Amino acid sequence: MVSAISRSPAQSWWDPEFAAVAASMTPRAPHTLLEHPYTSDELVSDEALVETFDLHRDTLECNVMGTDLTREDEWSYVDVQSASSAEVLQAVHDGRLWVNVVGVKDGPWGRVAGELRDLVQQSVDVPLQRTSLNLVISSPTAMVYYHSDPNHTLLIHTRGHKRIWVYPALDSEIVDRNVLQNVFGGQVEELPYRPEFDERAACFDLTPGAAVAWSTTAPHRVENVSGLNVSASFNFWTSNVERMRSVMAADRYLRRTWHVRIPGRFDAPVRSTAARALARVGRRLRPEPPIPRLADAPPTWVLDPSVPSGARPTQ
Ligand SMILES: [Fe+2]
């Protein structure tokens, strides 16, 4: 395990180097550790979290996970519809769960989402296509499996203590290109994990006030160390990320539907233009069937504060 704990100067917690990484289509420096000011009780107290849950019940997701890092199939969505926001938070305190408030727009965290959008837009020299702030609240012993996201990420840690491993982006020895195409297709986020991958990772201990940024496709995983953990994941898509997504979607379509693989680096200008043009023509002849998405799967667990994990299977 490679340790890479450092801090940027407190007067400027946004690292301009990351802006350059975020603006590039194929990032090679995948992560950086920063400081941030978002740790007030107004944002992270139990009362504030319950209020944020109440304001976003329609996009509140709850999950349960196993204990084996290599069994990413053991996590599942948890039905919390019949529980109050206070009961959900108490179950996260006592059990082994994590809650994801997707696309926070209202309340104090909604204001933070706007501030981060302005800050990041001022820092990158390409237009932001989309941004989203997800508030993640997790139990003291929870973990997040090794996975990759189709967006750049700025993770703001505000409560509790967690450890995060960030792995190199676009390293084909640790993430197969076909799997990455599925990540961009929204079909899967979890990736096959092997402990030896950790030798290539940067490992960060996050306490309140620390933030980590990494580029799209950089795999990462989390283990909580102590306390209720509260982090905000600010996700953003530059025009370059959207271009990357469309090239990967074209490659995936050509591979699955026509059994065609175009040689060369996927992001080389001539190759990526050719792939997208071929896919455009191909889709007119043979449309791509809909891709099943993770988020569409119904919950198979239900919140149950009477069991140690805080949830039980519905059947
Ligand atoms: Fe992630």
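Bear in mind these aren't lab numbers, they're just calculated from the coordinates by the rules spelled out. Keep in mind that this is a model prediction, so the values were computed, not measured. Cβ atoms come from the backbone with ideal geometry, glycine included; neighbour counts cover every protein chain shown.
What to note about this one:
- FRET efficiency, 1/(1 + (r/R0)^6) with R0 30 Å, evaluated for Asp198 and Glu35 via beta carbons: 0.75
- 3J(HN,Hα) along the range 55-69, derived from phi through the Karplus expression 6.51 cos²θ - 1.76 cosθ + 1.60 where θ = phi - 60°, amounts to 6, 10, 4, 5, 10, 8, 10, 10, 9, 10, 9, x, 10, 9, 4 Hz, with x in place of Gly and Pro.
- Shape call, the range 243-285: gyration tensor on alpha carbons, a/c limit 1.5: prolate
- Cα long-axis angle, helix 269-285 against the chain (0 to 90 degrees, to the nearest 10): 90 degrees
- The value given for the range 161-305 is a Kirkwood hydrodynamic radius of 17.8 Å, derived from the mean inverse Cα-Cα separation.
- The chain: calculated mean residue ellipticity at 222 nm from DSSP helix runs of at least 4, using -39500 (n - 2.57): -9000 deg cm²/dmol
- Counting only Cβ charges, +1 for Lys and Arg and -1 for Asp and Glu, the dipole size of the chain around its Cα centre is about 1780 debye.
- Coupling constants for the range 77-91 follow from the phi torsions by the Karplus curve (6.51 cos²θ - 1.76 cosθ + 1.60, θ = phi - 60°), and in residue order they are 6, 10, 6, 10, 4, 8, 9, 6, 4, 5, 5, 4, 5, 4, 5 Hz; glycine and proline get x.
- Structural descriptor for the chain: relative contact order 26 percent, calculated from alpha carbon pairs under 8 angstrom and at least 6 residues apart.
- Fraction of alpha-carbon pairs over 36 Å apart in the chain - percent: 18 percent
- If R0 is 30 Å, the Cβ-Cβ spacing of Thr257 and Asp73 corresponds to a FRET efficiency of close to 0.65.
- The angle separating the long axis of helix 239-258 from the principal Cα axis of greatest extent in the chain is about 60 degrees.
- Extension gain from Arg271 to Arg286, taking 0.36 nm per residue of separation minus the Cα-Cα distance: 3.2 nm
- Scattering profile of the range 106-200 at q = 0.11, 0.20, 0.22 Å⁻¹ [log10 I(q)/I(0), Debye over alpha-carbon scatterers]: -0.44, -1.23, -1.29
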